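Chemist: After the structure tokens below, expect a handful of questions from me.
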Amino acid sequence: MYQKAIEIYDEIARQSLNNNLLKYGVRGHLLNAGICQLCKGDVAITNALERYQELDPRFQEHANRNCSRYDMAAAMDEEDVAKFTDAVKEFDSMT
């Protein structure tokens with residue numbers, strides 16, 4: 001049910017953008033949506049990351065953390081297991 005989860009995370013992120021108390025959690029919701037995209041195994045992850053950057057500028061401001069997300073997406077597109085594993089390790093070490 002990854003698609004349903006993606007839709008829910010996207011909706012929560014959009015609703016939270018306009019709330020001063022909730023806007024700080026938007027990146028987390030977008031991250032969860034991105035992880036669901038990865039689990040789905042869909043090449044739409046690259047488009048989703050671009051959409052998330054447009055939705056929340058702070059998503060782009062944290063480029064160092066996002067970099068491993070792009071690496072994960074690229075590894076999925078290339079079907080490169082070793083590259084994906086390295087990107088996950090890098091992301092895990094930062095978080």
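Every number in this text was worked out from the coordinates using simple rules, so none of it is lab data. On a predicted model such as this, the values are computed, not experimentally measured, just so you know. Here the Cβ is made from the backbone with ideal geometry for all residues, glycine too, and neighbour counts use every protein chain on show.
Chemist: Set the Förster radius R0 to 25 Å, insert the Cβ-Cβ distance between ASN20 and ALA74 as r into 1/(1 + (r/R0)^6), and round the FRET efficiency to 0.05. Show your work: numbers first, answer last.
Modeler: Numbers: r = 35 Å, r/R0 = 1.41.
The formula returns an efficiency of 0.10 here.
Chemist: For ARG51, ARG27, what's the fewest-to-most ordering of other Cβ within 10 Å of each Cβ? The partial results should precede the final answer.
Modeler: Values: ARG51 14, ARG27 18.
Least crowded to most crowded, the residues run ARG51, ARG27.
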